[in-house]
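Where a number appears in this text, it was derived from the coordinates with a stated rule and is not lab data. Keep in mind the model is a prediction, meaning the values are calculated, not measured. Every residue, glycine as well, gets a Cβ built from its backbone with ideal geometry; the counts of neighbours run over all protein chains shown.
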Amino acid sequence: MNNFIYLRSLRHVEHTVFCVQDGQKFYYDQQFGIRCAYSSGQQVKRSILDSILDYLKEAQAPITFNYEITKDNGISNKEPWSPCDPAYTDQLLGGWMRAQTGETPVKRRSPFSISALRPIHPLLGGLENQKENLTFDRSSNPNQHPVVVKGANGTILNEEQIAQFLSENKRTLPRRNWIPDNTRATGLFVYDVVIDLRTLFSVSTNQHEPELTLEKIEKLKFDNWIIGKNSFGECLVCPKERREKIIEAVASGLINWRITSNQSRTFSLMETLAVSISDNANKLAASIRAELNEDRERSAKPVIDKNTGTDVYVTLPCNGYIAGAGGKLNDLEKAENKLKKLMLAYDYENQL
């Protein structure tokens with residue numbers, strides 16, 4: 001009984017922004033001296049969980065946001081409180097941590113380990129060389145959009161004072177803001193996911209380093225969670241009927257998720273080109289990879305290799321980027337079915 005499922009997926013990214021930190025987030029590749037755009041593993045994880053919840057038609061778990069008024073009447077942001085309840089799907093799959101004052105800290109690690117979405121090779125994806133200046137522009141209908149001007153002393157000027165200032169100083173008040181120094185990500189990007197089947201539907205009842213409070217344990221037992229044991233000790237296992245519904249959603253979410261933020265002005269389909277599934281991480285890396293061209297300096301090519309002992313699924317769009325890829329119409333559905341088969345086959349209730 002293998003305890004892990006490894007998944008790698010190759011996507012095409014076209015002129016888009018998928019994670020922002022003072023502009024598009026990037027890292028610097030030392031070997032090739034190239035800035036490579038990326039989307040953090042946290043953003044990928046959040047997008048996958050959103051897709052899973054959409055499939056199940058469920059809402060996110062309620063998070064309590066805490067604030068404290070300071071002595072100078074300011075507001076201090078305190079730690080948000082998670083419900084720490086695996087009855088919520090995003091909690092069960094995403095994990096939690098809560099260290100509330102006066103309570104025993106509880107923490108559960110996510111059964112998913114998720115990489116950043118990054119170029120398959122520094123020479124095959126990254127930031128576009130040309131920077132782009134954008135505008136937030138409402139100049140076409142100036143009467144619709146008011147302007148507020150404050151003087152040097154902080155007081156708001158009236159219309160006559162504004163007109164006098166503009167006339168004396170030969171200035172204008174356009175209804176537009178410049179947004180400088182924007183870059184876009186383009187190329188072939190990959191992400192990797194590892195699923196730990198031992199903890200996918202099992203929550204530890206150990207009270208030395210607890211994942212659950214005693215009250216929550218009793219509630220889960222009342223809700224027909226099954227008493228079991230895994231590699232980490234005694235645990236509670238999600239009921240079978242609930243597991244099967246979540247497995248359907250997980251298989252769909254891992255394949256079909258899309259980034260749900262930062263793309264309103266630069267949407268990209270980010271179409272999936274290939275998916276590889278295995279129980280061996282090294283074979284997974286070999287199945288979807290890049291190779292340097294021996295004939296051309298600083299040139300690389302993507303490779304889809306179906307002879308590495310993994311299950312490789314290739315889509316029709318892949319034929320436009322990798323010669324001889326052999327894309328097929330229904331391969332993503334086959335990848336979903338493979339994931340479902342592997343997750344359903346695991347014996348969650350009798351791991352030891």
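Data table
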| item | result |
| --- | --- |
| Of 273, 292, 254, the one that fluctuates the most in a GNM where the chain has Cα springs shorter than 10 Å | 292 |
| Nearest-20 debye value, the range 200-352 charge dipole, Cβ charges on Lys, Arg, Asp, Glu | 340 debye |
| R0 of 22 Å, Cβ-Cβ distance residue 171-residue 139: FRET efficiency to nearest 0.05 | 0.90 |
| Relative contact order, percent, the chain [alpha-carbon distance under 8 Å, six or more residues apart] | 25 percent |
| Förster radius 56 Å - calculated FRET efficiency between residue 14 and residue 71, Cβ distance, rounded to 0.05 | 0.60 |
| Cleavage-rule hits, GluC sites (Glu not before Pro), the range 221-308, DSSP coil, Cβ neighbours within 10 Å at most 10 | 294, 297 |
| Exposure proxy ranking, count of Cβ atoms within 10 Å, fewest first, for 160, 209, 349 | 160, 209, 349 |
| Furthest towards positive pole of dipole, 47, 254, 33, structure part the chain, Cβ charges | 33 |
| For the range 163-223, size of Cβ-based charge dipole, Lys and Arg +1, Asp and Glu -1, in debye | 700 debye |
| Residue 208-residue 160 pseudo-label distance in nm [points 7 Å out on the Cα-to-Cβ vector] | 8.1 nm |
| Length added when fully stretched, residue 229-residue 147, from 0.36 nm per residue minus Cα-Cα | 23.0 nm |
| Under 29 Å from residue 338, Cα to Cα: lysines that are on another chain or at least 8 residues apart | 45, 57, 229, 240, 245, 283, 301, 306, 328 |
| Theoretical gain in end-to-end length, residue 4 to residue 291 [0.36 nm per residue, Cα-Cα removed] | 100.6 nm |
| Residue order, fewest to most surrounding Cβ atoms within 10 angstrom, among 145, 208, 121 | 208, 145, 121 |
| Check: the chain dipole with +1 on Lys, Arg Cβ and -1 on Asp, Glu Cβ, in debye | 360 debye |
